[in-house]
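Worksheet for the structure shown next.
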Amino acid sequence: MTRRGWALFLAMGVIWGVPYAMIRIAVEDLDPIVVAFGRTLIGGLLLLPIALYRDALTPVLRRWRPLLLYTLVEITGPWFLIGYAETTLNSSTVGLLIAAVPLIAVVIVTKLGHDRFDARRVTGLLVGFAGVAALVGLDVDLGNPAAIGAIGLTTIGYAVGPIIINRALADLPPLGVVTGSLLLAAAIYAPLAGWLRPARITADSAWSVLGLAVICTAAAFLFFFALISEVGPARATVITYINPAVAILLGVTALDEPLTAGMAIGFPLVILGSILGTARSRADSAPEDPPVPTVPEAAAPLPER
């Protein structure tokens, strides 16, 4: 993987390791639908003026069908389902289950004929998953089947979303796709969010939703599209191995949670698994993913990417 790919990979691992704590705080006072609505609406509105200035939305709206599909599987469904699951499951369980995303993504793109298994990749995925298991201390609470099922559906959506981008949206301005999908998701959430709106919102919940919108949504998706263009959809999803590590480190440093032996053992396994899982096999002379069309210069991404 290139130096730019690694920089994007590590940035996304940190940025999307933060939401677990923020969502957990927000859903203590707000319904998961309200949290998801606030996150998508604020994130979309932040990006809208820039998208309009760059005329990045017009070509995206012409391809509204794949945009709607992407929005449903990557945003609307998962963000509600994660919020619902975190009302009953601990973050360790959620992090472990979502770590299955790279395994699902590799299987899907392989079946589609756009990738291939090799010993190094399989080993990396297995080592990474073992690292996540050690990180969470095998703390899998199966007492709530509905919540477990919600995270299971989320992992499938997160695996399919990057593939949709790569196959149907990669040649469009990334800023337009991100903005359009966020605002579309907000419109889908809006009726239920209005019905479930709380009588009052605590400061902690408000700040959590704002952080989710600005850092973990608007900025994060710009990085994510760049990562997919750089390394392909299957490799991009390996960031889910880093996310639980970041979430646990934040818990130890910011929330005074204990540093366990599982964390000490699991973190290096996560890093090793990510390196092996994203490494290109020496036997492969051809790219593992279909080439991604170049984004037009007029639709250049934001500098933060």
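The values are calculated or read from the model by the stated rules, or taken from the named source; none is laboratory data. This is a predicted model, so every value here is computed, not measured. Cβ atoms come from the backbone with ideal geometry, glycine included; neighbour counts cover every protein chain shown. Ligands, DNA and RNA are stripped out before the accessible areas are found, and what is left, the full protein with its side chains, is counted by its heavy atoms. Shrake-Rupley method; radii C 1.70, N 1.55, O 1.52, S 1.80 Å.
Values for this structure:
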quantity: Segment 146-155, residues that are open to solvent by 10 Å² or more (accessible area, probe 1.4 Å) and either over 14 Å from Val101 (Cβ atoms) or in contact (Cβ under 8 Å) with a residue 60 or more places away in the chain (or both); calculated: Ala146, Ile148, Gly149, Leu153
quantity: Residues that are out of contact with any Ser or Thr (no Cβ under 7 Å at 6 or more places or on another chain) and of a type in the set (A, V, I, L, M, F, W, C), drawn from segment 143-160; calculated: Ala146, Ile148, Ala150, Ile151, Leu153, Ile156, Val160
quantity: Boolean, Pro66 is open to solvent by 40 Å² or more (accessible area, probe 1.4 Å) and either at pLDDT 95 or above or under 20 Å from Leu184 (Cβ atoms) (or both); calculated: no
quantity: Condition check for Ile33: surrounded by 15 or more Cβ atoms within 10 Å (Cβ to Cβ) and modelled with pLDDT under 95; calculated: no
quantity: Residues (in a loop (DSSP other than H, G, I, E, B) and open to solvent by 80 Å² or more (accessible area, probe 1.4 Å)) located in segment 51-62; calculated: Asp55, Arg62
quantity: Filtered residues of segment 72-112 (kept if in a loop (DSSP other than H, G, I, E, B) and either more than 18 Å from Val35 (Cβ to Cβ) or hydrophobic (A, V, I, L, M, F, W, C) (or both)); calculated: Leu89, Ala99, Ala100, Leu112
quantity: So Tyr84, is it open to solvent by less than 50 Å² (accessible area, probe 1.4 Å), of a type in the set (Phe, Trp, Tyr), within 27 Å of Asp31 (Cβ to Cβ) and at pLDDT 75 or above; calculated: no
quantity: Unmet criterion (only one of (1) outside any helix (DSSP H, G or I); (2) crowded, with 19+ Cβ neighbours inside 10 Å) for Thr179; calculated: (1)
quantity: Any chance Leu249 is aliphatic (A, V, I, L, M) and under 30 Å from Ala56 (Cα atoms); calculated: no
quantity: Candidates Pro244, Pro233, filtered to the one that is open to solvent by less than 70 Å² (accessible area, probe 1.4 Å), at pLDDT below 70 and under 30 Å from Val178 (Cα atoms); calculated: Pro233
